[in-house]
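Just so you know, all these numbers are worked out from the coordinates, no wet-lab data involved. Because the structure is predicted, anything quoted here is derived from the model rather than measured. No Cβ is skipped: glycine too gets one built from the backbone with ideal geometry, and neighbour counts run over all protein chains shown.
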Amino acid sequence: MSESATTSAKKRPEFRNINAFTDLPSYRLPAAGWVSILHRVSGAMMFALMPFIIWMFDTSISSEISFGRFTSAFNVGMLGLPGFLWKLVALALIWAYLHHFTAGLRHLWMDVSHKAVELQFGKTSANAVLAISLTLTAVLGAKLFGLY
Amino acid sequence: MSVNYGSKRIVVGAHYGLRDWLSQRVTAALMALFTIAVLAQVLLSKGPIGYDKWAGIFASQPMKMLTFVVILCLLWHVWVGMRDIYMDYIKPVALRLSLQVFTIVWLVACAGWAIQVLWRL
């Protein structure tokens with residue numbers, strides 16, 4: 001009796017839902033967890049930037065003149081923003097697409113192969129997704145900013 | 001498991017089945033094939049890619065048809081994905097339904113724009 005009285009007097013920690021601001025920074029996510037949440041983040045990014053994507057499709061394909069507007073947005077700038085900022089937006093989209101693409105292939109492979117849903121494959125394939133998408137983003141980013 | 005039928009049924013939930021999961025996979029596979037088809041034509045072309053070469057990729061009738069299908073795939077794929085996100089993070093039903101309606105309207109409008117661009121080429 002007295003024991004339960006003393007423990008209830010002490011404020012016991014209460015665990016409910018994860019708080020995005022106090023809990024998430026201290027959580028250690030395994031590689032597969034990063035691939036999963038980044039799949040979601042990259043998808044949401046592409047949804048948010050969809051008008052920009054269609055604008056790029058529109059201007060780059062419609063005519064020579066609009067193609068000129070398309071390239072000058074990245075070389076000179078547009079809407080008062082300098083060109084390198086638009087290149088950064090494009091690079092963010094490149095990463096989002098590459099990550100979503102490679103993580104999606106991992107999903108599809110896991111759907112068709114029972115071997116692929118084992119723990120070890122989950123770890124190695126998640127690392128592979130991160131390595132491939134980040135390497136290709138770096139390669140294409142260097143090209144975009146004219147490093148080679 | 002909480003009660004989720006009759007008057008307690010969550011009306012803005014998923015379709016409780018295979019359809020959305022499968023459509024997510026099929027549309028993804030088609031878009032992946034499209035990506036490879038565009039990428040192959042970009043990589044196999046010689047010299048710098050200007051307007052002519054870039055627009056030429058989408059000008060042929062088979063490529064137009066494939067692009068058209070991919071636009072519809074994208075519309076459907078994004079709808080399932082965004083609805084998943086809303087179901088996980090947006091709990092107030094009124095807000096969730098509003099976002100879902102907005103997303104459908106927005107996606108159909110964007111698909112119309114993309115198809116217009118494709119068909120006047």
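Between B:Gln61 and B:Arg120, full extension at 0.36 nm per residue minus the direct alpha carbon distance yields a gain of 20.0 nm.
Within chain B, helices built from complete DSSP H runs that reach 27 Å or longer along their own axis (Cα positions) and carry a mean Kyte-Doolittle hydropathy of 0.0 or higher are B:18-44, B:61-89, B:93-119.
In chain A, the longest principal axis of the Cα atoms and the axis of helix A:31-48 are about 50 degrees apart. In the range A:24-137, a dipole from Cβ-located charges (positive for Lys and Arg, negative for Asp and Glu) runs towards its positive end, and of A:Leu29, A:Phe52, A:Pro82 it is A:Leu29 whose Cα lies farthest in that direction.
The shape of the protein assembly as shown comes out prolate: with a ≥ b ≥ c from the C-alpha gyration tensor, a/c is at least 1.5 and a/b beats b/c. Taking other C-beta atoms within 10 angstrom as a stand-in for reagent exposure, A:Lys87, A:Lys143, A:Lys11 fall in the order A:Lys11, A:Lys143, A:Lys87, fewest first. For a straight C-alpha distance cut-off of 19 angstrom, the lysines reachable from A:Lys115 (same-chain residues fewer than eight places away being disregarded) are A:Lys123. Calculate, in whole percent, how much of the Cα-Cα pair population of the range A:30-144 lies beyond 17 Å. Tail of the P(r) past 17 Å holds 61 percent of the pairs.
In terms of its C-alpha gyration tensor, the range B:75-114 comes out oblate, because a/c is 1.5 or above while a/b does not outweigh b/c. Full extension of the chain between A:Met78 and A:Ala92 yields a length gain of 3.3 nm, computed as 0.36 nm times the residue separation minus the alpha carbon distance. According to the Cα-based calculation, Rg over Rh for the range B:16-119 is 1.08, with Rh computed by the Kirkwood formula. Sorting B:Phe68, A:Phe70 by the number of Cβ atoms found within 10 Å of their own Cβ, with the fewest placed first, yields B:Phe68, A:Phe70. The slack in the chain from B:Arg25 to B:Leu95, taken as 0.36 nm per residue of separation less the alpha-carbon distance, amounts to 22.4 nm. Placing +1 on the Cβ of every Lys and Arg and -1 on the Cβ of every Asp and Glu, with no other charges, gives the range B:3-108 a dipole of roughly 200 debye about its Cα centre. Under 5 Å between amide hydrogens, built in the peptide plane, is the criterion, and for A:Gly77 it picks out A:Gly83 among residues at least 5 positions away or on other chains. By the count of neighbouring beta-carbon atoms within 10 Å, fewest first, A:Val89, B:Val105 end up ordered B:Val105, A:Val89.
Listed cross-link partners A:Lys87/A:Lys143; A:Lys10/B:Lys91; A:Lys87/B:Lys64; A:Lys143/B:Lys53 are compared with a 22 Å cut-off, the Cα-Cα value being larger for A:Lys10/B:Lys91; A:Lys87/B:Lys64.
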